[in-house]
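Peer 1: Please read through the structure below; I'll follow up with questions.
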Amino acid sequence: MSDRIIIAGGGTGGHIFPAIAIAGALKQQEQDIELLFVGAKGKMEMEKVPQAGYRIEGITIAGFNRSSLIKNIGLPFKLIKSFFQVNDIIRSFMPDAVIGVGGYSSFPVLRSAQAKGIPTFIHESNSFAGKSNILLGKKATRIFVASDGMERFFPAGRISVVGNPVRSAIVQSSLTREEGIRFFGLDPAKPTILSTGGSLGAKGINEAIAAHVDEFGNNGLQLIWQTGKPFAGQAAALAAGRNYLWTQDFIPRMEYAFAAADIVISRSGAMSIAELCVVKKPVVFVPFPFAAEDHQTANAQHLVNKNAGLMVKDSEAKEKLVDTVLALSRDKERQGMLSTNIGRLAVTDAAGRIATEIMKVIKG
């Protein structure tokens, strides 16, 4: 009989894409393995996971809303309801193991599995562990982490340092720069900037670009601009009549965007960094300032210290971001140095290492 595994979590691309990478690695190790994703109803995973060819069940769960306490009134009821839903899913699917990739939907799934004695595995992508992962880590079979020094959050004997899983479409891409640029209908003769605020967009980056959008065209540059849904309308209006500007709320084929880009503007979440190391691009990081413990600034600073990236604070983006990008676009030597140094930090086999350890436990 084939093995059965539940993969739980989501909320952002930073959780979903590593989960899909791990699923792909498990399939490579055992073709007829049965995989079921569990995510939060109404969240991004409910769309992205089926697009990747996997089955997903949604549960009624929401995270704690820090900006509006009144919105948290229904939280205890949602949490209780989600535990009932998860118990039904586990009872009918009967998994041999459960993997949590972060995001609040992973908590009830792993907690329920642990109560039933099912082996549980956690992947923590950040150098600062999330609260639910810290709680779940106490009983987890194995905790996969991206960086050293995670003993302050998890039992030392159960930690495996594996890096962050990157989507196979990006790791295995052999696209040329020209193929990437043609995909977006742009001009291969012009230097190309890719701006991505992650799967949900980035207000600080978007507003900085909108304020200085003509400077790209005036300096002979073209821009691929992933905005996230909230800013999509505004960006589309700006794109009218500017043939050097391609914009959309989400880029499903990121491998083409990375192939096209000469310089990237990005948030500094752990997963974005993992992908940027693999594609070896010069990056200007704009850390999301409200990430837990300000870990995005720590992530970016780590790369800046290694001459593997530049950083502009979100609060200074409107004044400094586009100027920083323009200066970098004129400095070929600096671009080369940044791309060489970020490429040295790439990890391409994290998903495979995670899959191997999980299968060892299941097979006993």
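Bear in mind these aren't lab numbers, they're just calculated from the coordinates by the rules spelled out. Worth saying up front: this structure is predicted, and the values here are computed from it rather than measured.
Peer 1: Tell me which lysines have Cα within less than 16 Å of Lys139's Cα, excluding those fewer than 8 residues away on the same chain?
Peer 2: Lys116, Lys131
Peer 1: Using θ = phi - 60° and the Karplus curve 6.51 cos²θ - 1.76 cosθ + 1.60, what whole-Hz ³J(HN,Hα) does each residue of segment 115-131 get, with Gly and Pro shown as x?
Peer 2: 5, 9, x, 7, x, 10, 10, 10, 10, 10, 7, 8, 7, 10, 5, x, 4
Peer 1: Continuing with this model, one more query. Taking amide H atoms as placed 1.01 Å from N in the peptide plane, list the residues 5 or more away in sequence, or in a different chain, whose amide H sits under 5 Å from that of Ile99.
Peer 2: Ile6, Ile7, Ala8, Phe121
Peer 1: Quick one: which residues, 5+ away or cross-chain, put their amide H under 5 Å from the amide H of Arg253? H built at 1.01 Å from N.
Peer 2: none
Peer 1: A follow-up question, please. Rounded to the nearest 10 degrees, what's the angle between the helix 317-329 long axis and the longest principal axis of the chain, both from Cα atoms, 0 to 90?
Peer 2: 70
Peer 1: What do you get when you divide the Cα radius of gyration of the chain by 2.2 N^0.38 Å, with N the number of residues? Numbers along the way, then the final one.
Peer 2: Values: Rg = 20.7 Å, N = 364, 2.2 N^0.38 = 20.7 Å.
In units of the globular-protein estimate, the chain measures up at 1.00.
Peer 1: Compute the long axis of helix 350-363 from its Cα atoms, compare it with the longest principal axis of the Cα atoms of the chain, and write down the angle in degrees, 0 to 90, nearest 10.
Peer 2: Between the helix axis and the principal axis of the chain, the angle is about 10 degrees.
Peer 1: If the cut-off is 27 Å between C-alpha atoms, which lysines fall inside it for Lys318, apart from same-chain ones fewer than 8 positions away?
Peer 2: Lys190, Lys203, Lys229, Lys280, Lys281, Lys306, Lys332
Peer 1: Could you tell me how many degrees, from 0 to 90 and to the nearest 10, lie between the Cα long axis of helix 13-29 and the main elongation axis, the longest principal axis, of the Cα atoms of the chain?
Peer 2: It works out to around 60 degrees.
Peer 1: How large is ³J(HN,Hα) for each residue in segment 300-313, as worked out from phi by the Karplus curve 6.51 cos²θ - 1.76 cosθ + 1.60 (θ = phi - 60°), to whole Hz, x for Gly and Pro?
Peer 2: Ordered by residue, 3J(HN,Hα) equals 5, 4, 4, 6, 4, 4, 9, 6, 10, x, 10, 9, 10, 5 Hz.
Peer 1: Could you go through segment 260-269 in sequence order and give the Karplus-derived ³J(HN,Hα) for each residue, using 6.51 cos²θ - 1.76 cosθ + 1.60 with θ = phi - 60°, rounded to whole Hz, and x for Gly and Pro?
Peer 2: 6, 6, 8, 9, 10, 9, 8, 5, 10, x
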